[in-house]
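Enquirer: Quick one: structure below, then a few questions.
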Amino acid sequence: MKDILTEFDVAEPSVQISDAPGTGLYATVGKRVFDVFLGVLALPALVPVLALIWVLIRKDGGKALFIQDRVGKNGKTFRCFKFRTMVENADEVLKKLCDEDPEAAAEWNLNQKLQNDPRITRVGKVLRATSLDELPQIFNVLKGDMSFVGPRPFMVEQQDMYVEAGGTAYFKLRPGITGTWQLEGRGKTSFVARVRFDNDYLRDLTFLSDVKMVLKTVLVVFDRTGR
């Protein structure tokens with residue numbers, strides 16, 4: 001862990017944020033109202049898409065859903081839903097790759113992402129390219145674990161790294177299906193840069209900024225799906 005954080009510190013400085021952002025009326029009350037309204041409105045239209053993707057993944061073999069513990073608002077752990085995009089023995093595949101390929105290991109340690117990830121399935125590549133693997137998280141939103149827009153939900157084992165990088169946004173807001181990092185950086189940015197994206201989102205949070213991000217996400221998904 002110490003070596004990983006050292007690499008982060010070399011790559012980019014940690015970022016800090018004041019305690020004031022995230023305490024306004026929209027952040028504390030209005031954001032949840034917006035999430036419930038949008039979730040109830042969108043769910044009927046999404047059900048056929050969810051069903052189709054479920055069938056395609058099952059046909060390709062294995063479970064359709066991937067459920068993993070993530071850390072959300074106030075450090076609360078919740079079960080995050082996604083469509084499965086990786087092989088079912090993904091942890092073993094990653095360990096083997098990192099043991100055999102020092103460059104891949106360094107890339108994973110720095111970014112917690114791999115540009116050429118051997119764990120991703122055939123269907124998973126399409127789902128990730130279009131961000132459709134995130135659709136089941138609408139149920140996390142309706143449950144109150146997540147928001148439509150917010151910081152990226154992180155894995156339990158990454159919590160110390162987020163704190164070290166100055167990621168206070170992750171504890172002040174519900175994590176989002178989409179957000180600044182997803183729209184601006186996706187998998188091409190470093191770990192600390194993603195923390196900066198989310199802290200910037202927290203600082204500039206308004207109802208209008210959330211509406212703009214939702215609309216931009218819809219346009220991005222349609223653009224990628226149509227390619």
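Enquirer: Before we move on, is Phe171 surrounded by fewer than 21 Cβ atoms within 10 Å (Cβ to Cβ), within 22 Å of Val49 (Cβ to Cβ) and out of contact with any Leu (no Cβ under 6 Å at 6 or more places or on another chain)?
Expert: no
Enquirer: Against the condition at pLDDT 75 or above and not aromatic (Phe, Trp, Tyr), how does Ala165 come out, does it pass?
Expert: So Ala165 does not fit the description; no.
Enquirer: Within the bounds of region 133-142, is there any residue that is over 19 Å from Val36 (Cα atoms) and either in contact (Cβ under 8 Å) with a residue 40 or more places away in the chain or touching a His at 6+ places or on another chain (Cβ under 8 Å) (or both)?
Expert: yes
Enquirer: So, in region 158-177, exactly how many residues are within 12 Å of Phe197 (Cα to Cα) and among the polar types (S, T, N, Q)?
Expert: Of the residues in that region, 1 qualify.
Enquirer: So which residues in region 118-158 are surrounded by 20 or more Cβ atoms within 10 Å (Cβ to Cβ), acidic (Asp, Glu) and at pLDDT below 85?
Expert: none
Enquirer: Pairs needed: first member in region 77-101, within 30 Å of Ser147 (Cβ to Cβ) and at pLDDT 85 or above; second member anywhere, basic (Lys, Arg) and not in a helix (DSSP H, G or I); C-beta distance under 9 Å; at least 6 residues apart or different chains.
Expert: Short answer, once both residue conditions are applied: Thr77/Arg70; Phe78/Arg70; Arg79/Arg70; Cys80/Arg70; Arg84/Lys63; Thr85/Arg119; Met86/Arg119.
Enquirer: Check Thr77 against each of (1) under 19 Å from the mean Cα position of the chain (by Cα); (2) β-branched (Val, Ile, Thr); (3) more than 24 Å from Asp198 (Cα to Cα) and name the one condition it does not meet.
Expert: If we test Thr77 against (1) under 19 Å from the mean Cα position of the chain (by Cα); (2) β-branched (Val, Ile, Thr); (3) more than 24 Å from Asp198 (Cα to Cα), just (3) comes out false.
Enquirer: If I ask for residues that are under 29 Å from Leu52 (Cα atoms), polar (S, T, N, Q) and crowded, with 19+ Cβ neighbours inside 10 Å, which ones from region 72-117 would you list?
Expert: Thr85
The values are calculated or read from the model by the stated rules, or taken from the named source; none is laboratory data. Quick caveat, the model's predicted, so the values are computed rather than measured. Quick reminder, even Gly has a Cβ in these numbers, built from the backbone with ideal geometry, and neighbours come from all protein chains shown.
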